Each structure stands twice: as structure tokens, then as C-alpha cells.
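Visitor: Pasting a structure here, questions to come.
The values are calculated or read from the model by the stated rules, or taken from the named source; none is laboratory data. This structure is a prediction, so every number in the text was calculated from the model and none was measured. So basically every Cβ, Gly included, is an ideal-geometry build from the backbone, and we count neighbours across all protein chains shown. When the accessible area is computed, the model is the full protein with side chains, heavy atoms only, and any ligands, DNA or RNA have been set aside. Shrake-Rupley method; radii C 1.70, N 1.55, O 1.52, S 1.80 Å.
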Amino acid sequence: AASLALLPGLLPVAGLDARVWEGRLLTLGLLLALGLGLNLLMIVGELWMHGNEDARVAVHWLKSGEQATTLYLGVFGMGHVFPAVALTLAFVLDGAAMAVGLAAAAALLGVYLWDHLYVRAGQIPPLS
């Protein structure tokens, strides 16, 4: 839904009327909101439930130090809170459906940052 919501943002550049797409954008925004909620639950689950000592070491690395800023500001702030606010504005304000594209871009950035941190955290525990 996030990548699809980016496309109508290019309509004014192509000379097409974006108001035609408003209903479709709001539908994509609803799908994006549901996806963000599920993604947030999965991330919180990864950070709270630890299967073994290696997972605990990886989560401790994620929550502390330099990468904690990326986790809290990038993944949670830019990747979840900002899109939620933009989507709320898109649903509440008349004619603000283009905010869905902005929310989609921020959500994709949050997903990228989480995937980057997730892979790096798995490499932190020593192998022996």
C-alpha cells in the first residue's frame, strides 16, 4: 500500500487532476494504516520477546547506544508516528488526501531503517 500511495503524488506533474484520485488515496491510506499497526505490533514483539541469550544481546544492542536513536526516532518516530499523524490529517481534513503519499514515503523509510537495524542486530552476538 505504501508504494502504491506514492504514485498519485506524481499526477500533478503529469498534468492530471489529483482530486479524481482522492477516494483511492484514502483507501490506500486505510490499508497503510492497518499495515503500520501490524508492523508496529511485530516490531514490539521482536523487542520484548527473547528466545535465547543471543536474542537478548541483540535487543540490548538495539535499545542502547548510537543505534537507539535510529530505532526510536527513525523506526518509531518517522516510520510510525509521523505516518499516523499524516494519515489522520488526510482522513480528517477535506482535500488533504495527498498526505497519504507523504505518510507512505515516511513508512517506507521506517521499514528500511528497521530492516537495516534488524540485520545488524543479528550480527552482534559473538559466534563462539
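Visitor: Are there any pairs with C-beta distances below 9 angstrom linking a residue in segment 26-44 that is within 17 Å of Val100 (Cα to Cα) to a residue that is part of a helix (DSSP H, G or I) and of a type in the set (Phe, Trp, Tyr), with the two at least 6 apart or on different chains, and if so which?
Guide: Leu26/Phe91; Gly29/Phe91; Leu30/Phe91; Ala33/Phe91
Visitor: Let me ask something else. Within segment 95-128, which residues are surrounded by fewer than 18 Cβ atoms within 10 Å (Cβ to Cβ), closer than 30 Å to Asp54 by Cβ and of a type in the set (Gly, Ala, Ser)?
Guide: Gly122, Ser128
Visitor: If only one of Val75, Val20, Val57, Val92 is out of contact with any Asp or Glu (no Cβ under 9 Å at 6 or more places or on another chain), at pLDDT below 95, β-branched (Val, Ile, Thr) and open to solvent by less than 80 Å² (accessible area, probe 1.4 Å), which one is it? Give the derivation first.
Guide: On the way: Val75 fails: at pLDDT below 95; Val20 fails: open to solvent by less than 80 Å² (accessible area, probe 1.4 Å); Val92 fails: open to solvent by less than 80 Å² (accessible area, probe 1.4 Å).
Just a single option satisfies the conditions, and that option is Val57.
Visitor: When you look at Gly45, is it small (Gly, Ala, Ser), at pLDDT 90 or above and not in a loop (DSSP other than H, G, I, E, B), yes or no?
Guide: Working: small (Gly, Ala, Ser): yes; at pLDDT 90 or above: yes; not in a loop (DSSP other than H, G, I, E, B): yes.
Yes; evaluated as a whole, the condition is true for this residue.
Visitor: Another one. Does any residue of segment 101-113 turn out to be more than 12 Å from the chain's Cα centre (by Cα), on the phi < 0 side of the Ramachandran plot and assigned to a helix (DSSP H, G or I)?
Guide: So the first thing to find is which residues in segment 101-113 are more than 12 Å from the chain's Cα centre (by Cα), and the list is 101.
Going one step further and asking which of them are on the phi < 0 side of the Ramachandran plot, we end up with 101.
With the extra rule that they be assigned to a helix (DSSP H, G or I), the set shrinks to 101.
For segment 101-113, residues more than 12 Å from the chain's Cα centre (by Cα), on the phi < 0 side of the Ramachandran plot and assigned to a helix (DSSP H, G or I): present.
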